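Presented below is the structure to which this report refers.
No value in this document is a laboratory result; all are computed from the given coordinates. Note that the structure is a prediction, hence the values are computed from the model and not measured. We place every Cβ from the backbone using ideal geometry, glycine too, and count neighbours over all the protein chains shown.
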Amino acid sequence: MNKYENIKRIGEGSFSKVYLSRNLESGEQVCIKRHIQKVDPEDDHHMDCELSAVSVLQNDNILRFREDFHDSKGRHCMVYDLMETDLRNIISGFDGIFPLEIRKEYLREMLSAVSACHLKQIAHMDITPENFLVSRRRSLHLSDFGLSVSFQPPPDRFLCMNRTSWYTSPERLFGRREWLSAGDMWGVGCIYLELLQETRPIFPGTSSLGQIRVIGEILGQPSPELMEKFSTYPGFIPFPDSSGNIDNILSHIDDNERDLVLKLLEYDPDKRISASEALLHPFFTAPPLPSPLDLLPDPALYPKLLKKRAKTHNIRPDVETDDIEISPVKYLDLNAEDDDDLLYT
């Protein structure tokens, strides 16, 4: 018996297509992520990583996994709760700097999701605004665990860099395989800086070299001791000789908020704050308290566009490009071949 019906395609990544679907038994709308079958069996690794992670993760701020199955063509499908939009769309569409109460609640929810992952010894490895989906209730839900790894035992191999380098920590850019959880925390810090600024993203590099350059121009050059430590890493790239301008960027916020931001973006992964420690920071208990959900931005005002994830994103016009071409967002052809399979068994 057919259980799900595809309504329309709503997204596509390197390894899957995402559909708005309907449960024919209950009438409920859900999201189905269908694996794109390719010749290289290594591509199955991403779906395996995702299934391993979401099968053990349960948290109010992690996208709820319902079930998985293989369709009549043998394609692996995963069923999730349906979300309204993502944090990238809200950040891009929001006019001005987010109010403090909203910043606090978004950060609290991001940390709640990441903390739940790390407590299960899982590093997400791709913390970006696109991967924090927003529900009709306006809460955040971490998604897309295709790059996730378990750090007990440490993995033999993994992609050190996020799909988008803007949120990748220096030690990952340099190719180190340790400090998996610390790399996730850097991504949270990068997203939070975007909530503080009208110019976004905050670290829009277009290559590893460009990424280190823009990080150094904002945070300044690391200490000589840390530079010496970094120089031993296989992919080390020198930081620019800059004192940074992070003090100017954070000049309009209070000491508690500033302290937490700097601990999230600590250069040294050994000293970077953990998710569980960050949730206990006095920033969250000092007035004003985090916003109630009903006062967060309405996701209906920031609809999720039908687009395909680009390998790189459009960047700010004031940022120089480096040694790679910038790929624009690609919009979906909803009549593309392979989308005529409307029913899943």
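Label zone (Asp270, point 7 Å along Cα-to-C-beta; backbone nitrogen cut-off 18 Å) within segment 176-194: 176-183. Rounded to 0.05, the FRET efficiency of the Leu280 and Phe151 pair, given R0 = 22 Å and the Cβ-Cβ distance, is 0.50. Cross-link pairs exceeding 28 Å in C-alpha to C-alpha distance, out of Lys17/Lys104; Lys120/Lys271; Lys33/Lys271; Lys3/Lys120; Lys104/Lys304; Lys8/Lys104, comprise Lys17/Lys104; Lys33/Lys271; Lys3/Lys120; Lys8/Lys104.
For segment 184-197, backbone phi angles converted through the Karplus equation (6.51, -1.76, 1.60; θ = phi - 60°) give residue-by-residue couplings of 4, 5, 4, x, 4, x, 5, 4, 5, 4, 5, 5, 8, 10 Hz, Gly and Pro being listed as x.
Taken along its principal axes, the alpha carbon cloud of segment 86-299 reaches lengths of 48, 38, 30 Å, longest axis first. In plain terms, the residue of Leu226, Leu193, Leu111 with the fewest other Cβ atoms within 10 Å comes first and the most crowded comes last, giving Leu226, Leu193, Leu111.
Model label points for Glu101 and Lys3, set 7 angstrom from Cα along the Cα-to-Cβ axis, are 4.2 nm apart. Between Ser72 and Glu28, the C-beta separation translates, for a Förster distance of 22 Å, into a calculated FRET efficiency of about 0.50. Residues Val134, Val261 in ascending order of nearby Cβ atoms (within 10 Å, fewest first): Val261, Val134.
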